[in-house]
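Written below as structure tokens is the structure these notes are about.
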Amino acid sequence: MKAFNDLADFSNEEIRALVELAGRLDTHPEPDALKGKVLSLLFLSPSLRTLASFQAAMTRLGGGSFVISPDMSIHGLETRPGIVMDGAAAEHIREAVPVIASYGDAIGIRAFAERKNIETDMAETEFNSLTGLVDTPCINMESAMNHPCQNLADWKTLDDLGVPANGGKFVLSWAYHPLALPLAVPASTLYMAAKRGMDVTVLRPEGFELPDPLMQKATAAADAAGGSITETDQRSEAMEGAHIIYAKSWSSTRHYGDKIGDKKLREQHLDWCVDEPWFDVAQEDCRFMHCLPVRRGVVVADDILDGPRSVVIQEARNRMLAQMAVLHQMLGG
Ligand code: CP
């Protein structure tokens with residue numbers, strides 16, 4: 001495997017093999033599989049799970065890793081192209097990325113969306129400009145529109161829970177959050193559930209529709225896998241018979257890049273906080289998923305997070321196992 005940037009680059013059989021390998025590495029550890037291998041980790045955006053789980057994954061497989069982020073750089077990192085560097089930053093990303101990559105056998109890169117222009121973000125302009133600087137095998141640790149490591153872990157979590165691939169109902173729901181968050185998780189989670197063959201409903205208020213190209217990509221995946229995609233702003237219609245609700249806040253696509261317009265619209269939906277009444281018409285054992293971090297009492301009620309419906313910790317642990325499988329295929333053998 002030369003790159004792990006998008007679930008769409010892999011067949012369902014390849015994904016199922018990765019999920020199976022993730023499970024096997026959990027029950028049958030391989031502490032020498034990546035002995036002597038090094039993973040370079042570049043974080044241009046904040047993290048807890050991705051930062052910790054990649055380091056834990058490499059250690060469990062016998063390899064090592066190191067982390068670079070602008071916060072810890074003593075030089076100050078410039079990311080803008082074509083800039084005259086007469087300010088505080090003394091190191092440009094164009095040198096930093098190849099240098100970091102040269103110390104490792106693979107590189108993981110996290111670079112969130114700029115959230116100024118939706119076309120630029122959908123084209124993955126920044127992430128592609130970074131990966132284009134190196135030949136080293138690359139892992140997307142979250143870019144403007146993708147979070148494949150989260151998607152692989154969530155696929156495994158759905159399998160672990162016994163949620164049916166075909167006939168399983170997956171609700172991807174917008175939730176209130178005070179900030180305009182990126183589209184990477186909702187966009188790539190929609191695609192993951194569609195590719196798994198589930199009946200996916202996107203539940204969101206007006207103005208928070210996911211972009212057409214992303215809906216079309218997911219619809220094609222659902223068609224190929226025997227699933228379906230629908231979209232609504234009606235909570236009870238979406239939740240009827242649901243096996244899973246996957247909550248996430250995201251930016252208004254109507255006001256993309258316009259913080260004031262986005263804020264005015266989202267503040268009309270303060271009540272989009274998942275609590276027990278949301279589950280009234282769902283399957284009795286409907287589970288709550290979220291990639292974390294999550295704001296308690298804003299996105300979801302404490303009762304749900306602390307109760308039996310929540311599988312958020314299982315999802316987070318599966319991040320480490322899923323990434324072990326990716327690293328094993330990329331660097332092992
Ligand atoms: N879910 C996730 O990617 O978490 P972090 O942002 O903490 O890495």
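For residue 267 and residue 303, the FRET efficiency from 1/(1 + (r/R0)^6), where r spans their Cβ atoms and R0 equals 22 Å, is about 0.35.
Just reorder 11, 102, 188 by solvent-accessible area, largest first, 1.4 Å probe, all chains present.
102, 11, 188
With the highest mean first, a sort of the peptides 54-60, 76-82, 29-35 on other beta-carbon atoms found within 10 angstrom per residue produces 54-60, 29-35, 76-82. Mean projected area of the convex hull spanned by the Cα atoms of the stretch 174-247, taken over all viewing directions: 4.8 nm². Placing a label point 7 Å from the Cα of residue 259 along the Cα-to-Cβ line, the residues of the stretch 178-200 whose backbone N sits under 12 Å from it are 179-180. For the chain, the longest principal axis of the C-alpha atoms and the axis of helix 312-331 are separated by about 40°.
Short to long, the 5 Å bins of the Cα pair-distance histogram for the stretch 150-315 hold 2, 9, 20, 23, 23, 15, 7, 2, 0 percent of all pairs.
Kirkwood hydrodynamic radius computed over the chain comes to 20.5 Å, based on all pairs of distinct alpha carbons.
Once the Cα atoms are used to define both axes, helix 184-195 deviates from the longest principal axis of the chain by about 70 degrees. Within the full protein context, the accessible area of residue 44 is estimated at about 40 Å² for a probe radius of 1.4 Å.
Comparing 107, 118, 93 in a Gaussian network model of the chain where C-alpha atoms under 10 Å apart are linked, the largest mean-square fluctuation is found at 93. The residues 289, 215, 85, sorted by heavy-atom accessible surface at 1.4 Å with ligands and nucleic acids left out, run 85, 215, 289 from largest to smallest.
Accessible area per residue (1.4 Å probe, heavy atoms of protein chains only) ranks 122, 198 as 122, 198, with the largest value leading.
With helices as the sole contributors, the chain gives -11500 deg cm²/dmol at 222 nm; each DSSP H run of n ≥ 4 counts as -39500 (n - 2.57), and the sum is divided by every residue.
Measuring only protein heavy atoms, the 1.4 Å probe finds residue 72 accessible over about 110 Å². Compared with the dominant Cα axis of the chain, that is its longest principal axis, helix 212-225 is turned about 80°.
Accessible area per residue for the stretch 11-139 is 53 Å², calculated with a 1.4 Å probe on protein heavy atoms, without ligands, DNA or RNA.
The Cα atoms of the stretch 91-206 cover 49, 33, 22 Å along the three principal axes, with the biggest extent listed first.
The values are calculated or read from the model by the stated rules, or taken from the named source; none is laboratory data. Here the structure is a predicted model, which is why all the values come from computation and not from measurement. Note that each Cβ is placed from the backbone with ideal geometry, even for glycine, and that neighbours are counted across all protein chains shown. For accessibility, only protein heavy atoms count, side chains too; no ligands or nucleic acids. Shrake-Rupley method; radii C 1.70, N 1.55, O 1.52, S 1.80 Å.
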